[in-house]
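To start, the structure itself, in structure tokens.
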Amino acid sequence: MKVAIMGYGTIGSGVAEVLRVNQDQLQKKVGEPVTLKYVLDIRDSIPEDADKLINDFSIIENDEEIKLVVETMGGIHPAYEFVKSCLEKGKHVVTSNKALVDAFGSKLIGIAKEHHCNFYFEASVGGGIPVIRTIYHNYAGENLTEITGIMNGTTNFILTNMREKGADFDEVLAEAQRLGYAERDPSSDIDGFDTSRKTAILLSMASGNRCRHEDIYTEGIRNISKLDFEYAKELGMTIKLLGSVQQVEDKYFAYVVPMVVPKSDPLFSVDGVFNGIKIVGNCLGTTMLYGMGAGKLPTASAVVSDIIAAVRHQDEFQGIGWSEKMLEIEPMGSNAFTYLLRVEGTCEEIKDDLKEFFLEDSELKPVILNGRTDEFAFITDVMFESDFLDNLKAFEEKTGRRIIHYIRTEKEEN
Ligand code: HSE
């Protein structure tokens, strides 16, 4: 099969490298050579190390020998127009571009179906972790009740370092930027949008219907502080940025938020730039996929796995994906959490108020750091988010005490 790569950045050059280095192995696996014919790069300054380099998309579009196109350009335009045109010509497309899959996935899957080819996107979530195919193949017979993951290496690196070094967010972000782990404009990672795009793709996979990341409630990690970690540590817990999808009967819940995670959760130990994706099924129980969620070769490895699938299914539409029907996600207020609550002052004189607003079912177990009298923390009962927010306001109005910060908390599993 003759292949073209569109976009010769980190991932595109990684794909070219894997195709070159593992050429013999690939041929053995799929029974025919997989040959790179073109590399498209439309940037002004094109890299010198790519052979087969072209800068005119129409060459790929009009070359009937090209049966498969790898899209690693990133961004939505012109990636969408190029991919659409390839699929309309019956060329299989493999992409690592989560923004494209999130925005136009269902449309492109529909076009692939119409033209008897495939649109594959394994590398768009979890880099080298095979989560898309695992959901599609391995867990096809499961009723998936939850998928929760650490899906952003940059924020996980920052949070891990804040915990280990007792450092504040800005300090660790600056270090991550110095080391090249975080972008100079880190907003998409630290404000949670990268995770929410990946969460939207997983929700679409799990539900079979289309969902947009804009419809997923998203918070990033800018507000997480050194003191939040000190409280979490005191409780034997840590803080992670989680993207979560849950199904209860026919209702779907989804959010991206930083959460206090107990040791009993397998995601507790996913540190540094690693990703972990926990999948819960009605028969399966809990499982977790773990590995490198970003980087040149891990991501290229997922792209190459899609290339193999395309060669193996070159005459049929495989159907990995979801329909055009829009999924309705339940409002954030209808999710139930416990909350780590940091309250101004000491707890003695407001015990009854804390009980009234946050602790109807459980006892107050205050956490006080080094004898501090300016604030304390505790974990609330399980509460619906809408009730929690109402009670928080009512508590502040009644007592005149400020809630310094709250973080949603996972319950310790027994
Ligand atoms: N910026 C992303 C991360 C890259 O830090 O995980 C992979 O999508």
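When A103 is tested against (1) away from the ligand (no atom under 16 Å from the Cβ); (2) under 19 Å from the mean Cα position of the chain (by Cα); (3) within 16 Å of N209 (Cα to Cα), only condition (1) is not met. Selection of region 241-299 for residues being more than 20 Å from S204 (Cβ to Cβ), in a strand (DSSP E or B) and within 16 Å of the ligand (Cβ to nearest atom) yields L241, P258, F274, G276, Y290, G291, M292.
Taken together, E183, E171, E214, E175 contain a single residue that is at pLDDT below 95 and more than 20 Å from G127 (Cα to Cα), which is E175. Checked against the criterion of being in contact with a strand residue (DSSP E or B) (Cβ under 9 Å, 6 or more places away or on another chain), in a strand (DSSP E or B) and surrounded by 14 or more Cβ atoms within 10 Å (Cβ to Cβ), region 389-399 contains not a single residue that satisfies it. Could you grab me the full set of residues in region 111-148 that are of a type in the set (S, T, N, Q) and closer than 29 Å to E88 by Cβ? The answer is N118, S124. In contact with a Pro (Cβ under 7 Å, 6 or more places away or on another chain), away from the ligand (no atom under 16 Å from the Cβ) and at negative phi: is that true of F357 in this structure? Criteria not met by F357.
Counting the residues of region 178-216 that are more than 13 Å from the ligand (Cβ to nearest atom), free of Cβ contacts under 8 Å to residues at least 60 places away in the same chain and under 20 Å from M332 (Cβ atoms) gives 1.
When the helices (runs of 4 or more DSSP H) confined to region 54-132 are screened for residues that are in contact with a Phe, Trp or Tyr (Cβ under 6 Å, 6 or more places away or on another chain) and of a type in the set (A, V, I, L, M, F, W, C), those reaching at least 3 such residues are found at 98-114.
Does K233 satisfy the criteria of being closer than 25 Å to S96 by Cβ and charged (D, E, K, R)? Spell out the reasoning first.
Values: closer than 25 Å to S96 by Cβ: no; charged (D, E, K, R): yes.
Taking the combined requirement at face value, the residue does not satisfy it.
Of the residues making up region 292-329, those that are under 18 Å from N118 (Cα atoms), out of contact with any helix residue (DSSP H, G or I) (no Cβ under 7 Å at 6 or more places or on another chain) and among the hydrophobic types (A, V, I, L, M, F, W, C) are I307, A309, A310. Looking across E146, E114, E175, one residue alone is free of Cβ contacts under 8 Å to residues at least 24 places away in the same chain and away from the ligand (no atom under 16 Å from the Cβ). It is E114.
Among the residues of region 80-93, are any farther than 20 Å from F317 by Cα, in the same structural domain as V303 (by TED's automatic domain parsing) and of a type outside the set (G, A, S)? Looking for residues that are farther than 20 Å from F317 by Cα, in the same structural domain as V303 (by TED's automatic domain parsing) and of a type outside the set (G, A, S), one finds at least one in region 80-93, hence yes. Considering each residue of region 223-240 in turn, none proves to be within 16 Å of the ligand (Cβ to nearest atom) and either without any contact (Cβ under 8 Å) to a residue 60 or more places away in the chain or assigned by TED's automatic domain parsing to the domain that holds F104 (or both).
The values are calculated or read from the model by the stated rules, or taken from the named source; none is laboratory data. All values derive from a computational prediction rather than experimental measurement. Glycine also receives a Cβ, built like all others from the backbone with ideal geometry; neighbour counts cover every protein chain displayed.
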